[in-house]
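Chemist: Just dropping this structure here.
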Amino acid sequence: MSEIAVIGLGAMGRPIAGNLLAAGHKVVVWNRTSAAGDELVAAGARRASSVAEAMSTPVVFSMLSDDRAVAETFLDSGVLARIPRASVHVNLATVSADLAVRAAAAHAEHGIGYLAAPVFGRVPVAEAGALNILAAGEPTLIDRVQPYLDVIGARTWRMGERPEQANVVKILGNYLIACAIQSLGEAVSLAEACAIDTGALIELLCSTLFPGPVYTGYGSAIARRRYQPAGFTTVLGRKDLHLALDVAADHQVPLPIGRLLREVFDQSIADGHATDDWAAITERQPRSTG
């Protein structure tokens, strides 16, 4: 069985690599902080000594934090000029459309396949191998890596033949989550002002009008004012909101709610909620203390 590399062993990268290893694949791992891979190496993974070594495997998955990390690791380091042309790089990160276009061009220049495959799902979903994967790029490349995607995800959604299309879909999904969080916070705030049991309100709404993980999970966190541990921080939420606003500006599509949310996120971070779950933006709403 061919080797597959996983670059970036943060909260999401570790379970992704672990599931590939548990499925019987030969897994190569690399992380800027090598200790992050110790548990995987103990379970049978091989640690690469450099990004170039990891990128020399036939298939490479990466899960890095943002545009800057992806650019520094792959695009500005010269690593793409030093690896075999047979490789295909699957970028699982949420990055900007502009970065996706740049990455696709840089990989093509060196004869390396490039796919965007950002995911929906938090750490427990990644651990269960049940992510929803948004894949875009050359269809034959997606076909080539589909067996690996089937290990880490419940379904692969093919969003187009240009990698940036998958990234835009992910950005839009996160934008809508941010909108839902803000509207939930407004509803809970008003319910509290009317002396309504917010737990009962959330249960009602999520059992009838708005079933699903977004309203259920975030609604409960907002009603209970529980923002730790953070599944997705306010800082990361603001980053993704700005990505949505950037795409909208590029295509001259107004996002009036997005402009409001930019102010909400900025103030929430200024108030000390940077590392809290992004549901904490709802603390900007007047809340009952009783």
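Chemist: Classify the chain: rounded, prolate or oblate, from the alpha-carbon gyration tensor (a ≥ b ≥ c, eigenvalue square roots; a/c under 1.5 rounded; otherwise prolate if a/b is larger than b/c)? Please report the intermediate quantities before stating the final value.
Modeler: Working: a/c = 2.17, a/b = 1.77, b/c = 1.22.
Taking the square roots of the gyration eigenvalues as a ≥ b ≥ c, the chain is prolate.
Chemist: While we're looking at this one, here's another question. What is the extension gain from Asp98 to Val123, computed as 0.36 nm multiplied by their sequence separation minus the C-alpha to C-alpha distance, in nm to one decimal?
Modeler: Extending this stretch completely gives an extra 6.3 nm.
Chemist: What value, in deg cm²/dmol to 500, does the helix sum -39500 (n - 2.57) over DSSP H runs of n ≥ 4 give at 222 nm once divided by the residues of the chain?
Modeler: -14500 deg cm²/dmol
Chemist: What ranking, highest mean first, results for peptides 185-197, 119-131 when packing means the other Cβ atoms within 10 Å averaged over each residue?
Modeler: Those peptides, ordered most packed to least, come out 119-131, 185-197.
Chemist: Along the positive direction of the dipole of the chain (beta-carbon charges: Lys, Arg +1; Asp, Glu -1; about the Cα centre), which of Phe265, Thr57, Ser220 reaches farthest?
Modeler: Thr57
Chemist: Could I have the simple spin-label model distance between Arg47 and Arg224, label points 7 Å from Cα toward Cβ, reported in nm to one decimal?
Modeler: 3.7 nm
Chemist: Positive end of the charge dipole of the range 168-284 (Lys, Arg +1 and Asp, Glu -1 on Cβ, about the Cα centre): tell me which of Leu201, Thr234, Thr282 has its Cα farthest that way.
Modeler: Highest projection toward the positive end goes to Thr234.
Chemist: Still on this structure, I have one more. How much length would be gained if the chain were fully extended between Ala270 and Ala105, taking 0.36 nm per residue of separation minus their Cα-Cα distance, in nm to one decimal?
Modeler: 55.6 nm
Chemist: Next question. Could you check what % of the DSSP bridge pairs in the chain are antiparallel, to the nearest 5?
Modeler: Roughly 15 percent of the DSSP beta bridges within the chain come out antiparallel.
Chemist: Right, another one. Report the gain in length on full extension from Ala193 to Ser77: 0.36 nm times residue separation, minus Cα-Cα distance, nm rounded to one decimal.
Modeler: 36.3 nm
Chemist: Using Cα pairs closer than 8 Å and at least 6 residues apart in sequence, work out the relative contact order for the range 168-284, in percent.
Modeler: Normalised by residue count, the contact order of the range 168-284 is 36 percent.
Chemist: Please work out whether the range 3-161 counts as rounded, prolate or oblate from its C-alpha gyration tensor, where a ≥ b ≥ c are the square roots of the eigenvalues and a/c under 1.5 means rounded, while otherwise a/b larger than b/c means prolate and anything else oblate?
Modeler: Cα axes put the range 3-161 in the rounded bin.
No lab work stands behind these numbers, since they all come straight from the coordinates. Just so we're clear, the structure is a prediction, and the values are computed from it rather than from any experiment. Quick reminder, even Gly has a Cβ in these numbers, built from the backbone with ideal geometry, and neighbours come from all protein chains shown.
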